[in-house]
Structures are given as structure tokens and as C-alpha cells.
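Just so it is clear, none of the values below were taken in a lab; they were calculated from the coordinates. From a predicted model like this one, the values you see are computed outputs, not experimental measurements. Note: ideal-geometry Cβ built from the backbone for every residue, glycine included; neighbour counts use all protein chains shown.
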Amino acid sequence: MILENFFVLTLIKVAVVAFVLLTTLAYLQWIERKVIAHVQLRVGPYRVGPHGLLQPLADVVKLITKEGLIPSHVNRLFYLLAPFVAVALALTSIAVIPFGPQITIGPVTTWMQLTDLRIGVLFVLAVSSIGVYGVALGGWASNNKYSLLGGLRSSAQMISYELPLALAVAAPLLLTNTLDFRDIVNYQSGYWLGFIPRWNLFPEILGFIVFLIAGFAETNRVPFDLPEAENELVAGFHTEYSSMNFAAFFMAEYANMVTVTAVATLLFLGGWTPPFPEPYSDFIPIILFALAGLVALYHGLNPVRRMDKFTLPATALVFLGIAAIFGLSLFVPVAKAILMALFWFCGKILVLLFVFIWVRATLPRFRYDQLMRFAWTGLFPLSMFNLLVTSLVVALTSK
Amino acid sequence: MPLNAAVPLSWYLILSAILFALGVAGFIFRRNIITVFMSIELMLNAVNLSFVTFSYQFKQVDGHIYSFFVMVVAAAEAAVGLAIILTVFKNRATLMIDEVNSMKY
Amino acid sequence: MTALIFFIFAGIAVFCGINLVVQTHPIASALSLVGVMGSLAVLYLQLGGEFIAMAQVIVYAGAIMVLFVFVIMLLNAGAEATTFQVSRFVKYLGAILLAAFLGLISLMIQSTLPRTEGVLFGAWQGTTLDVGRKLFTAYLLPFEVTSVLILIAIVGAIVLARKEI
């Protein structure tokens, strides 16, 4: 039947993933602003919708309807090409990320992944290598000294940190012996001593830390965001961009963040495998969401602000509803497989994204020469050392 | 030709020859030293395509490994060549190969 | 499917190659070369070279060409002024001779290659496992020598680009 045709199935999956991803990118910005605000003891977006939940919508409307000004002395082709390349490549690397195991919905059996490449890890590295062009061209095409400097510095930073990133990725590949993301996650299923998960995090803790730090630098986030900081170099390589072009660079940065955290989860944190053995870990989503709902309900009964009399009980109802869905899905195996895999995978990604946002709220930024010195004399020898120790241990203990 | 037909191997080699000829043309006719260098890289890419094609013909991965070594040598050559170009630019303030025509200036 | 992909990406490769030779600004030539490398990577995937395709994108298009683009931006290389004029007759004669030469080469290649099976997408895959195995057993010496070569290139580039020259 038509649904079993590979192309139709992939198109449906692409539509679902694209919709979810673009909504997530918009609300990731809301989460970031709220978290940074609460770290700095203020409230964040509050007025547009209940607790600022419609702020991303307002931002999107503003960016779309703003005047798209193309300055007269820019190189038009490259000026318009740069954000296109940045966004297209940032969204392409989601194609090889698996979200869960094989599922069977009715007559259709499919993987929760857009394409199952045998060389998935290399594909993600390749796409992030080409993503440097978006930044470099954007800086150069703007015909502006500050943009050029910002673009050059940013792209030099990105290619310098690709090296520790690739070496940190190579170490768990020595353990798993495959470049396919799905096989890497299947290698990490199972438990030592019955309750410690076989994630690559435990033998490769140094590799995980190196990967995260290199991931911060690859996505131009604090503490490595000197090339695009607001109080240095005007705004770096996206100074001359406005409205949708600027929104494209913004989206590309958040999509890169999602890709880096997704790859870190798949390589080091076991993807969608739960941290406890199977029958006990099914209750964790129910318990978490029910607790969140009860806390919201408690605060909703004696609210501090007037609007909270309505919004907090509504939030409590939503959370208790999600807990009920998780509870009901325990009786339907198809829904259980999908929901549990999605919960653990997205939960781990959200924890890592929270670490990204937490670091942005907390740390000051590196000066540019400190940044480059840290890459070449600090992170690169560390990742080489990690790779050497891993290969020594694998060589001595295999056969 | 029908869309599901197999592509004859000679077509890949003809494409490699065309790209190599374009690289030679760029090397001879262009005067900006960076463009000349990029024509050399185009020639190396054409040779890589030949290697991978013949590796498909014999169903062995040796062609891929030779191609990998060509890439590594091209990387080393690009690094040193661009450093030389930077030095020439620093001393002669020009990127046109016609103007770098005397040993002492 | 194989023939369609071959025609599309071979066409892109030839177009970008001609663009490289014809464009006056070095940045346009550099980006055309990136286009050539990308389409060649797709052709390598078709020929079963998955590792080489990804290595082409990561190393060639993602690192070497970025270095070229950096140098062009740093040196602020402008568009090249064409000062040698050739008459239109010579240009047309050159194009005809080039086409004739390429036709001759194509005929030679087509006649000497045995008429075995053609290339089908997925008929043979040179997996990364095979490449890695051969690289570390049969070609170990060239592998180590190229690593020393890269070290020499790094030292040479740093010495050449220092300030006191």
C-alpha cells in the first residue's frame, strides 16, 4: 500500500521532524531567556501571553515583517547566500539523528530516523565542516571591517575546535566499532551489575567533557562567543543583516546547538536507553510529570500574582494530563515504545541544553587569543591523550 | 537513456579528463596566483575521480586508499603553498604572477 | 536513478569547473571549486566510496578550501583585470579545437575500456571497515610517512608565515 513506499514514508517523517524541530527552536529561545532571567533574579518575558509563552511567536512576526534592508555596497550574491547555507546545513544534520528504536504502527514498520546512514558520524562532521562557510561568507560579503574581522575570527575558531571535536568523537568509536548511530546506541544498551547503564559516558568521561567544550566553541556559544558578542565588534559577522536573514543565522545557531547535544547524547549518554532497567524506568516519566503537576497546583492555590490563579492550575492540568498519557501508554506497546524512547532521548537533550544555557548565564567570555591558545595547547593534547589511552586499553583487552 | 540504466565506467573517466583539462586551462591562462593554485587542486580532484572509478572496476578499496593519500598530500601542499603566497604578498605587494618577475627589486 | 544522478552532478561539476576558470574574482572561483568538490563527493558515493566521499567533504571542501577562502579574505584579493585581448576568431577557434580534443579523448577512453558492467548505485560498497583494514595492514608505511609529511608541512607553514621574514 502507499504508506509502505519508502519515499512517502520519508516525506511524512520529514514533515513531522521539521515541524517539531522548528517549534523547538522557537521555544528554545523562550527557555533560554527565562532561565537566564531567573539566574539573574529577574522574570524574563512575562507579558506576551501567560508567562511570555507567546513571545517566540511575537519575535517571529517581528522578524518577518521587519524591513529587509540590503546595504548598497555588499556583494549581493554572497550576502544572500551566507544565511541560506548556514540554515540549510544546520537543519540537514538532523537527518541522521535517530530518535528511537524500530516501531510498528499498523501495517508500517519503520525506524524513528530519517535516513540510516552507515557513516552517520562522518556525515555530521562533514556538515559541520561546511557550516563554516556560512559564517565566513557572511562576514566577508558585508563589506564592513568589523563584520570581516568577526567572520574571520569566528570561522578560525570553528575550524580550530573541529579537531578536538573529531578526536573526542573518535574515542567512543573505538569502543563501538561502527559509524552508524543506531548501532552505537544498541551497543550502549544493557547494564553492568544489573543497574549501571552501559553508556559510553563511564569509560569516556574525559571524552565527553572535551566534546561538550568543543561543542560550545563550534556553536559560537559563551564562553566562546567573542566573534558575535554584542559589546565587541558591534555584532560580529551578522552586523549588517536584518529581518529574515538575521533570523536565519539565529535559527542556524540554535539548530547547531540541538545537533551537538543530540550527537553527545547518542555517542556518550546512550541515546534513548533508560538509566535504570526496563520495568522500573517506565514509571519515572509518570512520577516526574505528576510531581510537576502537583507542585504547580500547590502554587496555584495560593498565588503570588493575580494571573497565576489561572495559569498555574492550567499548567498543572497539562502536566497531569501528560502523566496520564504516559500511564495509559504502558498498556499499549506501540505507544509505549515511541513515548519512552522520545522521553529519554529528549530528556537527555534538554538536560544538555540546560547546561548550555546555564553556562551562558554564568561564565564570562574568553578573549580571542586565550580561546585559540586553549584550543591548540589545551583541548587538542587532551583529546589526543584520551584517544591514545582508549586505543591502548582496547588493544590490550581485545582478541 | 533510461533512468534505471547503469552508467558506463568510461563516462566517469571522461568527466575526469574534462575536469583535468579545465584545471590545466586555468593553470595556464589565469594570472592571479591563488586562482592558479586552485586550478592545481581541480587537477588533483580529477585524478581522485579516476582512482575511485578504477577502484570500482576492480572491486577493491585500494583506489580509495590512493585517493586518500592524494588528499593528504594536497592538504600539506595547500598549507605550505598558501604560506608561500602570503610571504610573496608581504614582499612584493602583488598577487599577479606576471609582476613577480625579478629576483631582486 | 544512477544515470539521472550522474548527469545532474557531472553537469554541476563541469559547470563549476568552467566557472572557476572564467570568473575574475578569486572568491567566486573558490566557491566554484567547493561546488566541484561537493558534486564529486556525490559521484564517489555512487561509486561505492562512502569513506572517500565523506573525507572529501571534511578534508577538501571543509578545511583546505576554508584555508583558501581565509587567505583570499586576508589579502583582500580583488577581481583580476584581464589585459590580454584575443580576437573573437581565436576564441571561437579555441572552443572548437577544445571540443574536438575532448571528443578525441572520449573516443579513446571509450574504446580502450572493456565493456563490462556499468556503475549501479549500491552494486558494490567499499566499506569503511575495508578501507581501515587495508590502511593499517598493507599500506601502513605510506600512512606513517604521510603523517610525517603533514608534520613537515605544519612546521614549514609556521616558519614561512612568521613575522620576521
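Observations
- Amide H contacts under 5 Å for B:Val61, placed H, 5+ residues apart: none
- Most fluctuating residue given options A:Tyr191, A:Tyr254, A:Tyr146, as computed from a GNM of chain A linking Cα atoms under 10 Å: A:Tyr191
- Average beta carbon contacts from partner chains per residue of B:19-28, 10 Å cutoff: 5
- Cα gyration tensor category, rounded, prolate or oblate, for segment A:271-399 with a/c compared to 1.5: oblate
- Backbone geometry of segment A:153-160 corresponds, through the Karplus equation with coefficients 6.51, -1.76 and 1.60 at θ = phi - 60°, to 3J(HN,Hα) couplings of 5, 5, 6, 5, 4, 5, 6, 5 Hz, x marking Gly and Pro.
- A helix-only calculation puts chain B at -26500 deg cm²/dmol for mean residue ellipticity at 222 nm, using -39500 (n - 2.57) for each DSSP H run of at least four residues, averaged over all residues.
- Normalised by the number of residues in chain B, the average gap of Cα pairs under 8 Å and 6 or more apart makes the relative contact order 25 percent.
- By the helix-only formula, in which each DSSP H run with n ≥ 4 contributes -39500 (n - 2.57) and the sum is divided by residues, chain A has a 222 nm mean residue ellipticity of -22500 deg cm²/dmol.
- Close amide H partners of A:Gly100, meaning residues 5 or more places away or on another chain with modelled amide H under 5 Å apart, are A:Met112.
- Of interest is the spacing of the C-alpha centroids, which for segment C:120-157 and segment A:336-386 amounts to 31 Å.
- Alpha-carbon centroids, segment C:32-50 and segment B:39-105: separation in whole Å: 17
- Above-threshold pairs, the threshold being 30 Å between Cα atoms, out of A:Lys34/A:Lys309; A:Lys309/A:Lys348; A:Lys66/A:Lys309; A:Lys13/A:Lys348; A:Lys336/A:Lys399; A:Lys34/A:Lys66: A:Lys309/A:Lys348; A:Lys66/A:Lys309; A:Lys336/A:Lys399
- Candidates B:Asn48, B:Asn91, B:Asn32, ranked by Gaussian network fluctuation over chain B, Cα under 10 Å, top entry: B:Asn91
- Residues in segment A:189-195 carry Karplus couplings, in order, of 7, x, 9, 7, 6, x, 9 Hz; the curve used is 6.51 cos²θ - 1.76 cosθ + 1.60 with θ = phi - 60°, and Gly or Pro positions show x.
- Förster radius 35 Å - calculated FRET efficiency between A:Phe354 and A:Arg47 (Cβ-Cβ, nearest 0.05): 0.90
- Shape category assigned to segment C:38-165 from the gyration tensor of Cα positions, a/c cut at 1.5: oblate
- In degrees, nearest ten, helix B:9-29 long axis to first principal axis of chain B (Cα): 10
- Candidates A:Gly271, A:Gly215, A:Gly106: whichever shows maximal mean-square fluctuation once chain A is modelled as a Gaussian network with Cα springs under 10 Å: A:Gly106
- Cα gyration tensor, segment C:2-81 - rounded (a/c under 1.5), prolate or oblate: oblate
- Using θ = phi - 60° and Karplus 6.51 cos²θ - 1.76 cosθ + 1.60, couplings along segment A:126-141 (whole Hz; Gly, Pro as x): 5, 5, 6, 5, 6, x, 5, 5, x, 5, 5, 5, x, x, 6, 6
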